[in-house]
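Q: Handing you a structure now.
Taken together, the values in this text are just the output of simple stated rules run on the coordinates, not laboratory data. Every value quoted in this text rests on a predicted model; they were computed, and no experiment measured them. Note that each Cβ is placed from the backbone with ideal geometry, even for glycine, and that neighbours are counted across all protein chains shown.
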Amino acid sequence: MRERQAVQGARRAQEFEAFVAGAAGRLLHTATLLTAEAPDANPRARRLLTLALARTYASWDRLRGEDPYDRTRACLAVRFAHRAWHQYGALGRARPHPGSALAELTPQERLVVVLRLYEGVPEEQTAALLGLPAERVHALCDRATATLLHPARPAATAVTGARMAAS
């Protein structure tokens, strides 16, 4: 009995290590986009990924044909949303890396953009994962992409431009 459990444990560890070797890079990039940290300095993203991978490993035997990448990505998203909610209240504005292209987005907008545009998760699936109506996910994605495509100008530039026009 113990021998069989040892063999199963070794097989489980081997399968999980192969999964991590193949998927960790993309999952880390996804976590880095969610936290809006710099790619070379991303401790929050690494912690988020570590917690998601630990949860996936804990449920590895119960996956039963489910894609472990999807499970880990869902865990990343839910953990990020939960942390943002508790840290900043109602998914308010976080303090991401100022040089990040996603820094202007709220955590909820960032989460929707990363899932929909980077990961390619369908709108209905994103809505189900986040517990939101599909229309809300669509609106968040539209607003976030508009913000990314047309970033707000810094206030100092607008004032300087107005002074130059008045001269």
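Q: With the crude spin-label approximation of a point 7 Å out along Cα→Cβ, what separation in nm comes out for residue 82 versus residue 124?
A: 2.7 nm
Q: Out of 65, 24, 52, whose Cα points farthest toward the positive end of the dipole of the range 18-75 (charges: +1 Lys, Arg; -1 Asp, Glu; placed on Cβ)?
A: 52
Q: First measure r as the distance between the Cβ atoms of residue 63 and residue 142, then evaluate 1/(1 + (r/R0)^6) with R0 = 25 Å and state the FRET efficiency to the nearest 0.05.
A: Working: r = 34 Å, r/R0 = 1.36.
It comes out at approximately 0.15.
Q: Next question, about the same structure. If Lys and Arg each add +1 and Asp and Glu each add -1, what is the summed charge of the other residues whose beta carbon sits under 12 Å from the beta carbon of residue 133? Write out the running numbers ahead of the final one.
A: On the way: positive: 136; negative: 123, 124, 135.
Once all neighbours under 12 Å are counted, the net charge is -2.
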